[in-house]
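**Q** Sending over a structure as structure tokens; questions will come in a sec.
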Amino acid sequence: MVRYRWRTLLKAALDASDVVRLVERFVGEWSADEVLALPQAARPTAPRTARAVVDHSVELARLHATFDGPAQTLAGLQEMLLFFTHAAVAIVRLTASQTSASATAHAE
């Protein structure tokens, strides 16, 4: 299942807090049954910080690398991993961009 237009929205995010809000929306689109089908450690709570998004993406990657379960569960895990990976990359990109812009402004 492809949910909403999350890739477009992640690319359009202006800062890490925008990404966190998008993650909350994405997680909110998952039904209780879909979340329960995921491995316990993969089940997201709505992350409140950029760090929580990045940490969960790392946990999802670890779970994916060692996954040995049913294909249906794997599909959900992969969808969650893909989204959280894109979200984490967006956070890093935006944070680096803001840090660079701030350093440039202070240098002038």
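The values are calculated or read from the model by the stated rules, or taken from the named source; none is laboratory data. Keep in mind the model is a prediction, meaning the values are calculated, not measured. Neighbour counts run over all protein chains shown; Cβ positions are idealised from the backbone, glycine included. Areas reflect the complete protein model, heavy atoms only, side chains present, ligands, DNA and RNA absent. Shrake-Rupley method; radii C 1.70, N 1.55, O 1.52, S 1.80 Å.
**Q** Taking a spot 7 Å from the Cα of Gln72 along the direction of its beta carbon, which residues of region 13-55 have an amide N less than 15 Å from it?
**A** 31-39
**Q** Follow-up question, since we're still on this one. Any idea of the accessible area per residue across the chain, 1.4 Å probe, to the nearest Å²? Working shown, then result.
**A** On the way: 6610 Å² over 108 residues.
Per-residue accessible area for the chain comes out at 61 Å².
**Q** The list (1) 45, 32, 30; (2) 57, 27, 20; (3) 59, 35, 30 gives values of Cα extents along the principal axes in Å, and only one came from this structure; which label was calculated from it?
**A** Answer by label: (2).
**Q** Helix 16-28 sits at what angle to the longest principal axis of the chain, using alpha carbons and giving 0 to 90 degrees rounded to 10?
**A** Rounded to the nearest ten degrees, it is 20.
**Q** What percentage of the solvent-accessible surface of the chain, computed with a 1.4 Å probe over protein heavy atoms, is contributed by carbon and sulfur atoms? Write down the numbers at each step before the final one.
**A** Details: 3900 of 6610 Å².
After summing per-atom areas, the C and S share lands at 59 percent.
**Q** Same structure, new question: With charges set only on the Cβ (+1 for Lys and Arg, -1 for Asp and Glu), what does the dipole of region 1-97 come to about its Cα centre, in debye to the nearest 20?
**A** Working: 11 positive and 10 negative charges, 69 e Å.
Value, rounded to 20: 320 debye.
**Q** Assuming 0.36 nm per residue, please report the length gained on full extension of the stretch Leu36 to Arg62 beyond their Cα-Cα distance. The partial results should precede the final answer.
**A** On the way: separation 26, 0.36 × 26 = 9.36 nm, distance 1.86 nm.
That pair, Leu36 and Arg62, stretches by 7.5 nm at full extension.
**Q** Using a basic spin-label model with each label point 7 Å from the Cα along Cα→Cβ, how many nm lie between Glu29 and Asp55?
**A** My value for the distance between the label points is 2.5 nm.
**Q** For region 6-56 and region 64-95, write down the distance between their C-alpha centroids in whole Å.
**A** Cα centroid of region 6-56 versus Cα centroid of region 64-95: 10 Å apart.
**Q** Here's something else I'd like to know. In degrees, nearest 10, range 0 to 90: what is the angle between the Cα axis of helix 50-65 and the longest Cα principal axis of the chain?
**A** So the helix axis and the longest Cα principal axis differ by about 40 degrees.
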